[in-house]
C-alpha cells in the first residue's frame, strides 16, 4: 500500500490482512486508526471542518465501519444519522427500497430505514464511509436516496483507493494505491 496523499498529521498505523474476507482480497484494517484516540479525534475534526458550512439534514453511513465515523460526525454537526444495513439487519421499518450492489468480493443487498418524521423526499444527505474502493456501495446508496426523492450533496471517506475508481468529487482524508 502506497500513501499518495494524507490530510492527517498523526502517524498512520494501518494494517492489511491477506485473503480476508475471501482468498485473493487484501483487506485494509482501519482498526488501528480508531483505537488511537488522537487519530480518531483528528479524523472527526477534519470531517467536521469540511462539512460545517454545508447544508444537509442527515449523514448516511453504511455498516459496519461507516457507522463508526458517521455517528461521531453526525453528533458533532447536530444532524441525524441514517444507518444503512445489509438486508434483514434493520428492524422491519425500512423504506420500500432495497438495493443490490457489487463489491470487490461479492454482492450485497442494503436497506434504508424509514425516517421518523417523514420521507426522504426533498431532504439533503451526505454519505460517509471508511473506505472507497470501487465506489459501488456509495453509488448504490446515492441511487437509492435519489429514487426516494432525496438529494445527496456529497460523499466522504477516511481512505480512498484511487486506482480502483475515478471519483473526482469525493472528499477523502487518505488517498492510497494498492501496491
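Worth pointing out:
- Flag if residue 48 is touching a residue at least 24 places away in the same chain (Cβ under 8 Å), farther than 21 Å from residue 161 by Cβ and assigned to a helix (DSSP H, G or I): yes
- Of the residues examined, residue 107 is one that is surrounded by fewer than 17 Cβ atoms within 10 Å (Cβ to Cβ), over 15 Å from the mean Cα position of the chain (by Cα) and part of a strand (DSSP E or B).
- Members of region 25-78 that are touching a helix residue (DSSP H, G or I) at 6+ places or on another chain (Cβ under 8 Å), under 20 Å from residue 124 (Cα atoms) and surrounded by fewer than 20 Cβ atoms within 10 Å (Cβ to Cβ): 48, 52, 76, 77
- Applying the set (1) farther than 29 Å from residue 178 by Cβ; (2) in contact (Cβ under 8 Å) with a residue 60 or more places away in the chain; (3) touching a strand residue (DSSP E or B) at 6+ places or on another chain (Cβ under 6 Å) to residue 123 leaves exactly one unmet item: (3).
- Considering the conditions (1) modelled with pLDDT of 80 or more; (2) surrounded by fewer than 19 Cβ atoms within 10 Å (Cβ to Cβ), residue 112 is excluded by exactly one of them, (2).
- Test for residue 134: is it modelled with pLDDT under 95, more than 22 Å from residue 51 (Cα to Cα), under 16 Å from the mean Cα position of the chain (by Cα) and part of a loop (DSSP other than H, G, I, E, B): yes
- Of all the numbered requirements in (1) at pLDDT 90 or above; (2) touching a strand residue (DSSP E or B) at 6+ places or on another chain (Cβ under 7 Å); (3) surrounded by fewer than 16 Cβ atoms within 10 Å (Cβ to Cβ), residue 20 misses one, and that requirement is (1).
- Residues located in region 146-171, provided they are under 20 Å from residue 69 (Cα atoms) and surrounded by 15 or more Cβ atoms within 10 Å (Cβ to Cβ): 152, 154, 155, 156, 157, 158, 159, 160, 161, 170, 171
- Of all the residues in region 14-24, those that are touching a helix residue (DSSP H, G or I) at 6+ places or on another chain (Cβ under 7 Å) and either more than 21 Å from residue 162 (Cβ to Cβ) or part of a strand (DSSP E or B) (or both) number 1.
The values are calculated or read from the model by the stated rules, or taken from the named source; none is laboratory data. Nothing here was measured: the structure is a model prediction, and the numbers come from that model. Note: ideal-geometry Cβ built from the backbone for every residue, glycine included; neighbour counts use all protein chains shown.
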